[in-house]
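Notes follow the structure.
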Amino acid sequence: MAIRNIVTDEEFLRKKCRDVENFDERLWLLLDDMAETMYSANGVGLAAIQVGVLRKVVVIDIEDKNGLIELINPEIIKAEGEQNGNEGCLSFPGQYGEVKRPMHVTVRAQDRYGKFFEISGSELLARAFCHETDHLSGKVFVDLAKGLYRN
Ligand code: NI
């Protein structure tokens, strides 16, 4: 495993990601590296585009009972309610802003072997599902934030 460089180039971050088609060792290495990169940066989520790979791959760990969540080709299939809260992104270091998100979100995705599954989350996990799947279509939180501040 290795820590990869996190992309901060906004132009690159606005590109769209392609579906993963091969569930092979190359994908598993990417997933392992992404998790290590996320943990070393103290993040709760990371999309492959943030390490320069334009594929639909996400890792999330909000330190709840789910532990590390790996999402390949994720799609939000249900979103309910509303929450407002501060959000940040490892690709926008030191920037935070209030973003409105759904309170409950269900995602359908594939695991690292290609098997489909569904996972639901509320509050921070719902926020992470939305933030990370946004990355896969080239959307970044700074566009959704009501106001940005630096910390
Ligand atoms: Ni992000």
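Every number in this text was worked out from the coordinates using simple rules, so none of it is lab data. Worth saying up front: this structure is predicted, and the values here are computed from it rather than measured. Heads up, the Cβs are rebuilt from the backbone with ideal geometry, glycines too, and the neighbour counts pull from every protein chain shown.
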### Query
Which of Ile60, Ile69, Ile49 moves the most in a Gaussian network model of the chain with Cα springs under 10 Å?
Ile69
### Query
Taking only C-alpha pairs under 8 Å that are 6+ residues apart, what is the relative contact order of the range 58-98 in percent?
24
### Approximate spin-label separation Tyr149-Phe117, in nm, with each point projected 7 Å along Cα-to-Cβ
3.8
### Query
So how much slack lies between Asn84 and Glu36, counting 0.36 nm per residue of separation and subtracting their Cα-Cα distance, in nm?
14.4 nm
### Query
To the nearest 20 debye, what charge dipole does the range 83-151 have about its Cα centre, counting +1 at the Cβ of each Lys and Arg and -1 at the Cβ of each Asp and Glu?
40
### Summary
The longest stretch of the chain containing none of the chymotrypsin sites (Phe, Trp or Tyr not before Pro) that sit in a DSSP loop with at most 16 other Cβ atoms within 10 Å is 24-112
### Query
Each label point is 7 Å from the Cα along the Cα-to-Cβ direction; what then is the distance between the points at Glu25 and Arg108, in nm?
3.3
### Task
Determine the relative contact order of the chain: mean sequence separation of Cα pairs under 8 Å and six or more apart, normalised by residue count, in whole percent.
25
### Message
Less than 13 Å Cβ to Cβ from Thr106, Lys/Arg counted +1 and Asp/Glu -1: what total charge do the surrounding residues give?
### Response
-1
### Message
Taking the Cα centre as origin and putting +1 on Lys and Arg beta-carbons and -1 on Asp and Glu beta-carbons, what dipole magnitude results for the range 16-150, to the nearest 20 debye?
### Response
400
### Query
Which net charge results when you count Lys and Arg as +1 and Asp and Glu as -1 among the other residues whose beta-carbon is under 15 Å from that of Lys56?
+1
## Note on the structure
Counting as exposed only GluC sites (Glu not before Pro) in DSSP loop states with no more than 11 other Cβ atoms inside 10 Å, the longest exposed-site-free span of the chain is 83-151
### Query
Once both labels are modelled 7 Å past Cα along the beta-carbon direction, what's the Phe12-Leu68 spacing in nm?
2.3
### Summary
Across Lys65, Lys15, Lys115, the residue with the highest GNM fluctuation in the chain (Cα network, 10 Å cutoff) is Lys65
### Summary
In whole Hz, the Karplus estimates of ³J(HN,Hα) for the range 111-127 (6.51, -1.76, 1.60; θ = phi - 60°; x where Gly or Pro) are 8, 5, 9, x, 7, 6, 8, 10, 9, 10, x, 10, 6, 4, 5, 4, 4
